[in-house]
1. So with the 1.4 Å probe, I'd like the accessible area per residue for chain A, rounded to whole Å².
2. Nearest 500 deg cm²/dmol is fine: what mean residue ellipticity at 222 nm does chain A get from its DSSP H runs of n ≥ 4 alone, each adding -39,500 (n - 2.57), divided by its residue count?
3. Can you give the three extents of the C-alpha atoms in the range A:368-457 along their principal axes, from longest to shortest, in whole Å?
4. Based on the alpha carbon coordinates of chain B, what radius of gyration and maximum Cα-Cα distance (Dmax) apply, in Å?
5. Got a sec? What order do B:88, A:183, B:18 fall in by accessible area at 1.4 Å, biggest, i.e. largest, first?
6. In debye, nearest 20, what is the charge dipole magnitude of chain A about its Cα centre with +1 on Lys and Arg Cβ and -1 on Asp and Glu Cβ, if you could check?
7. Before we go on, tell me the buried accessible area for the A/B pair, both chains summed, 1.4 Å probe, in Å² to the nearest 100.
8. Isolated Cys in chain A by the 4.7 Å beta carbon test?
Amino acid sequence: MPDADLIIVGAGPAGMAAAATAAAGGGRVLLLDEQPRAGGQIYRNVGAGGDARPWLGKDYAAGRPLVAALQAPGITAEFGATVWRIEAGPRVVWSRDGESHVCAARHVLLAGGAQERPVPFPGWTLPGVMPAGAPQILMKTSGLLPRDAVLAGSGPLLYLIAAQMIDAGAAPQALVETQGPAMMLRATRHLPRALMAAGTLAKGLGLIRKIKAAGVARHTGAAGFRAEVAGDGDIAFSFTAGGRAHRLVTPLLLTHQGVVPSTHVSRAAGAAHEWNEAQQAFQPKRDAWGATDVPGIHVAGDGAGIGGAEAAQAAGRLAACDILHRLGRLDEASRDRKAAPDRAALRRAMAIRPFLDAAYAPLPEFLAPEGDTIVCRCEEITAADIRASVDEGANGPRQVKTATRAGMGPCQGRMCDLTVRGILAACGTRPATPRARTPIKPVKLGELAALASHQET
Amino acid sequence: MKIASRFLTRPDAVRTVMVSLDGEPVAARAGDSVAAALLAHSGDASRQSGKGAPRTAFCMMGICFDCLVEVDGQPNCQGCMITVRDGMVLRRQRGLRKLDGSANA
Ligand SMILES: Cc1cc2nc3c(=O)[nH]c(=O)nc-3n(C[C@H](O)[C@H](O)[C@H](O)COP(=O)(O)OP(=O)(O)OC[C@H]3O[C@@H](n4cnc5c(N)ncnc54)[C@H](O)[C@@H]3O)c2cc1C
Ligand code: FES
């Protein structure tokens with residue numbers, strides 16, 4: 001007998017909503033997350049003393065009921081549990097404290113969420129340069145607040161993080177935005193549809209008002225990022241904006257160019273992926289319920305394509321309804337009826353995406369950098385190295401990897417896959433989806449050996 | 001170069017856990033990750049890359065592996081995924097480490 005009807009990888013809004021729906025429908029659910037607590041990225045640590053941090057806002061506190069709902073009978077949740085392999089069956093292999101476990105289920109839902117898009121430019125590996133989501137994680141989980149930071153890049157999350165910093169009494173010294181009037185103009189044709197999500201638009205405008213009221217210096221249309229070490233260990237950040245060169249000195253330069261699906265787990269599971277041109281990212285192919293082309297495997301949430309937390313919850317519940325149907329616990333008509341409100345919610349939540357994707361599109365200089373900008377942080381491979389390998393005949397991610405070692409370090413390409421793809425595309429090739437192999441997180445040899453001997457017995 | 005932490009510590013965040021970093025005692029807040037504790041302690045590098053470049057924790061969510069640190073004798077631990085414990089012995093890593101912990105020649 002399998003260990004569960006459904007194993008869910010990831011306890012963010014998508015995974016938590018799916019767990020509650022599946023359990024309420026009579027399914028036995030095993031929920032795995034590598035973080036110490038449920039919440040995912042948006043609701044990181046929300047279950048733990050959330051009231052002490054009012055500056056994180058109402059939308060953050062809204063995650064509490066989702067976390068509380070995991071107490072339902074029928075849900076077993078394991079934290080600190082890193083999933084490193086999905087096998088046919090399906091079976092899920094996960095590791096905690098140096099020990100691996102194999103669990104079988106009738107269905108698996110991958111809800112691993114998103115990561116920030118890598119933002120490569122000269123100096124982005126220096127201490128003092130971080131993605132903007134990193135200090136936000138610290139604000140959610142630790143006693144730290146960014147000191148006199150510069151926020152640089154674009155996207156709705158950048159405004160949210162700026163507003164949270166202001167409310168926490170740690171306002172950034174400047175907000176350097178990469179989007180310019182031309183991008184905004186291109187985005188306006190998507191505005192009528194975006195009005196379906198008027199609430200989200202209004203929230204965004206509220207964040208911008210708060211940033212203006214706080215007197216944070218703002219630059220727009222910025223490009224030409226470069227970071228260097230200033231004499232005292234601070235970062236000297238130079239860029240151009242409004243036809244002028246600027247230089248800001250800060251202990252902490254926080255960059256952001258949006259988020260992209262984390263696809264290592266779905267790629268390693270063997271699911272087919274496609275390139276999303278509007279979002280400039282790979283995503284697993286799936287049907288309207290989140291089912292992939294691998295039997296028994298669904299995907300939901302930002303790991304299946306960026307839609308944000310509300311879309312993630314709706315997609316999680318849709319996948320759970322379909323899985324209950326496949327388990328024989330919900331006939332087709334009941335599934336469709338039960339899913340209708342979530343399908344409508346998903347459509348509403350996604351209505352704003354074409355506008356956001358166009359208005360806050362990543363700059364070409366970050367998608368396909370040049371010169372001695374490091375692309376692969378682990379192996380310290382530069383854009384010039386990658387371009388040289390293309391000149392020598394590499395025309396896909398695999399050849400670039402073999403020729404340069406880009407993507408062979410411990411992060412397994414999480415920090416360079418998209419940039420390698422961007423450079424390949426800029427050089428005129430049509431790059432394939434890069435492969436991801438198990439183990440998708442480094443596992444010590446001893447742990448593998450222990451697992452093998454256990455499986456033989 | 002020595003730079004104070006690039007972060008402010010909230011007044012209510014008391015540091016009650018003692019760890020050692022390269023033999024030096026360092027106070028940390030209970031519940032913080034090892035990477036957060038190192039960022040609170042200093043703005044300097046917490047690791048050197050294979051080519052000797054300074055690095056600190058970057059993504060804080062387990063994907064970049066820039067937070068690698070030796071924890072209680074175990075090299076290559078992801079500092080952002082481990083919670084500090086009283087008495088933990090931390091060492092900064094210089095260069096790449098093999099799985100057995102020796103420096104890569
Ligand atoms: C750093 C960061 C900060 C963000 N902050 C916000 C915010 O403040 N507000 C907002 O509206 N949106 C934020 N977002 C956008 C976010 O993607 C969505 O809002 C929402 O969290 C997506 O929900 P999800 O359930 O799809 O994934 P997530 O919420 O990302 O949850 C995925 C979960 O899966 C777990 N996981 C992933 N891989 C594995 C594995 N191999 N093994 C075990 N567990 C695994 C992760 O630990 C995580 O808890 C942020 C995104 C990022 C990357
Ligand atoms: S800081 Fe990126 S993996 Fe730890």
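1. Result: 40 Å² of accessible area for each residue.
2. Calculated mean residue ellipticity at 222 nm is -10000 deg cm²/dmol.
3. 52, 23, 18
4. In order Rg, Dmax, the Cα atoms of chain B give 13.1, 45 Å.
5. Largest to smallest exposure gives the sequence B:18, A:183, B:88.
6. Its charge dipole is roughly 1120 debye.
7. Looking at A and B, the buried total is near 3700 Å².
8. If one checks each Cβ against the other cysteines of chain A, A:103, A:321, A:378, A:411, A:427 turn up with nothing under 4.7 Å.
The values are calculated or read from the model by the stated rules, or taken from the named source; none is laboratory data. Model, not experiment: these values are computed from the prediction. A quick note on method: Cβ atoms are made from the backbone with ideal geometry, for glycine too, and the neighbour counts reach across all protein chains shown. Side chains are part of the model used for accessible areas, which takes the heavy atoms of the whole protein and leaves out ligands, DNA and RNA. Shrake-Rupley method; radii C 1.70, N 1.55, O 1.52, S 1.80 Å.
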